[in-house]
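In what follows, a structure is listed as structure tokens, so that the remarks can point back to it.
The values are calculated or read from the model by the stated rules, or taken from the named source; none is laboratory data. Only a predicted model underlies this, so the values are computations on that prediction, with no experimental measurement involved. Positions of Cβ are backbone-derived with ideal geometry, glycine not excepted, and every protein chain shown enters the neighbour counts. Just so you know, the surface numbers come from the protein's heavy atoms only, side chains and all, with ligands and any DNA or RNA stripped out. Shrake-Rupley method; radii C 1.70, N 1.55, O 1.52, S 1.80 Å.
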Amino acid sequence: MSDKVRLGIIGTGGIAGSHLGGYKALVDAGYTQFEIAALADVNDEQRARFAAKVEELFGNTPAQFRSAEELAEMSDVVAVDICTPHAFHHTAAIPCLEAGLDVMVEKPCGITIKATDRILQAAAKKNRIVAVAEQVRRGIKSRCMSWAVNEAKMIGDPRFLSVMGLGTWDFAEVTKSYAMQWRMLKLLTGGGMIFDAGAHFADMMYYLFGDVVDVYAWLGCFQDITINSTELGPRPMDVEDTWTSVIRFKSGMVANWTWSFAAPGEPVAAQILYGSGGSAHDRGGWMHTFQNGADLTLADGTKKSYEEIEKEYRAQLSPETREALFPYGVENDFALECWDFIDSVQKRRKPEIDAETTKWTKSICLAAYESSVCGKPVTVRDVHDGKVSAYQDPINEYWGI
Ligand SMILES: NC(=O)c1ccc[n+]([C@@H]2O[C@H](COP(=O)([O-])OP(=O)(O)OC[C@H]3O[C@@H](n4cnc5c(N)ncnc54)[C@H](O)[C@@H]3O)[C@@H](O)[C@H]2O)c1
């Protein structure tokens with residue numbers, strides 16, 4: 001085995017903390033092929049707190065920097081894990097790639113398609129890896145449900161998926177935190193929850209059902225609030241809090257995805273997949289399809305709980321598949337995405353989820369925005385190929401992408 005991967009983390013906020021938990025779970029399981037050697041964050045206090053946590057969990061003191069450029073230039077890391085807001089994915093990734101570092105970028109890997117392309121071009125020039133931190137499909141419950149649906153065919157051939165989440169979320173209250181402020185401004189986030197949490201939904205759609213042909217969507221914003229943005233100053237929230245959409249797959253499958261954070265009264269949360277032989281009712285209330293497993297109702301009325309399905313899944317796993325999907329016995333999704341990155345850096349192999357893959361999955365989300373602008377269905381391919389970009393154009397113009 002080659003030397004330990006000296007790793008930097010850029011952006012030490014909320015999700016970086018979950019990654020840290022993932023790295024710790026790897027060490028606890030006996031995987032010690034990395035060292036968190038450097039951190040970068042524009043927020044000095046946040047970064048110092050994170051450095052103290054690294055020291056507490058791993059026993060070493062990481063070097064600290066204010067920017068990706070400084071970290072790339074002055075530290076001795078060979079790989080970085082980028083956990084910044086979406087507008088700063090490409091600005092963090094590109095200098096690191098240019099300095100010859102491999103990168104893992106949090107989903108959705110670039111604020112627009114053009115931003116992803118810039119990252120891919122920088123990686124190609126230096127022959128570097130761009131992994132994407134997308135964890136939902138990697139956990140045992142998602143893997144198990146993918147097996148139940150696509151291999152064991154427990155509900156027959158998938159026909160359609162219906163996703164509805166209706167309720168209220170008071171953005172005026174939640175946007176007091178930095179992490180929610182940037183999420184409410186298109187220039188910083190690239191789109192609202194269709195693009196943010198929707199990145200997980202889109203990845204699971206692609207993982208479970210394959211290519212999406214097109215998306216037709218309506219989206220709107222009923223909440224009228226001002227965001228006091230650290231980066232942009234006071235501005236009106238300008239991303240969706242409500243949407244309804246139809247997603248058509250190449251396989252013939254279809255999904256409807258309807259959501260609102262501005263629906264007072266009776267809340268609804270349901271995600272149900274129907275196949276020719278029954279249905280799978282997702283246990284989660286969020287957009288992370290199958291992350292919490294699902295319960296089946298078969299055509300003859302028979303019920304099968306997630307626990308029964310997982311028992312069957314574990315029983316049929318070969319030692320090779322078990323080791324490939326859950327190395328070191330790790331079943332935690334964040335730990336598995338961190339392992340995949342470190343292992344791909346060491347072995348110079350393709351990570352399971354890379355920037356090319358997520359360019360397709362983010363195109364599913366972006367097709368919803370582009371459809372809402374032009375008022376008709378938009379193909380995922382046209383978004384992916386940059387032929388349709390009216391929604392994204394102002395973002396690219398603002399940041400000079
Ligand atoms: N995989 C998941 O389940 C999941 C969950 C939440 C967030 N995310 C993703 O993680 C990323 C970060 O989200 P978060 O919730 O951790 O946000 P956050 O606001 O909690 O943290 C972002 C951090 O980046 C820092 N930062 C901002 N600009 C920077 C720059 N130019 N250079 C260096 N540091 C900078 C901020 O100071 C902050 O500490 C996003 O891509 C988001 O979509 C993924």
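Remarks
- Model label points for ALA172 and SER276, set 7 angstrom from Cα along the Cα-to-Cβ axis, are 5.3 nm apart.
- Across segment 149-155, rounded Karplus estimates of 3J(HN,Hα) from the backbone phi angles (6.51 cos²θ - 1.76 cosθ + 1.60, θ = phi - 60°) give 7, 8, 9, 6, 6, 5, 10 Hz, Gly and Pro being marked x.
- Per-residue Karplus couplings for segment 167-176, computed as 6.51 cos²θ - 1.76 cosθ + 1.60 with θ equal to phi - 60°, are listed in order as x, 10, 9, 7, 5, 4, 7, 5, 7, 5 Hz, Gly and Pro entered as x.
- Computed lengthening from ASP385 to GLU73, 0.36 nm per intervening residue step minus Cα-Cα distance: 109.0 nm
- Carbon/sulfur fraction of accessible area - the chain, other protein chains in place, 1.4 Å, %: 52
- Amide H contacts of VAL5 (H built 1.01 Å from N, under 5 Å, at least 5 apart or other chain): PHE34, GLU35
- Calculated Rg and Dmax of segment 137-317 using C-alpha coordinates, Å: 18.1, 58
- Expressed as a fraction of 2.2 N^0.38 Å, the C-alpha radius of gyration for segment 126-216 is 1.39.
- Per-bin percent of Cα-Cα distances, segment 1-158 [10 Å]: 11, 37, 31, 15, 6, 1
- Surface accessible to a 1.4 Å probe, per residue, for the residues of the chain, Å²: 41
- For segment 149-217, the set of trypsin sites (Lys or Arg not before Pro) satisfying both a DSSP loop assignment and a count of at most 14 other C-beta atoms within 10 Å is given as LYS153, LYS176.
- Pair-distance profile P(r), taking every C-alpha pair of the chain, with 20 angstrom steps and integer %: 27, 59, 14, 0
- Cut-off under 5 Å, modelled amide H: who pairs with PHE65 long-range: LEU39, ALA40, ASP41
- For segment 287-326, the fraction of alpha-carbon pairs in successive 10 Å shells from zero, as %: 24, 41, 28, 6
- Long pairs among LYS250/LYS362; LYS153/LYS376; LYS24/LYS186; LYS250/LYS387; LYS53/LYS141; LYS114/LYS176, criterion Cα-Cα beyond 25 Å: LYS153/LYS376; LYS24/LYS186; LYS53/LYS141; LYS114/LYS176
- Using a simple spin-label model with pseudo-atoms 7 Å out from Cα toward Cβ, ALA269 and THR302 lie 3.1 nm apart.
- Potential lengthening of the chain between GLU55 and LYS347 amounts to 102.4 nm, from the contour at 0.36 nm per residue minus the alpha-carbon distance.
- DSSP-assigned coil residues among trypsin sites (Lys or Arg not before Pro) in segment 1-92, each with at most 10 further Cβ atoms within 10 Å: none
- Scaled against the 2.2 N^0.38 Å expected of a compact globular protein of N residues, the Cα radius of gyration of segment 274-394 reads 1.42.
- Using a simple spin-label model with pseudo-atoms 7 Å out from Cα toward Cβ, GLU45 and MET180 lie 1.9 nm apart.
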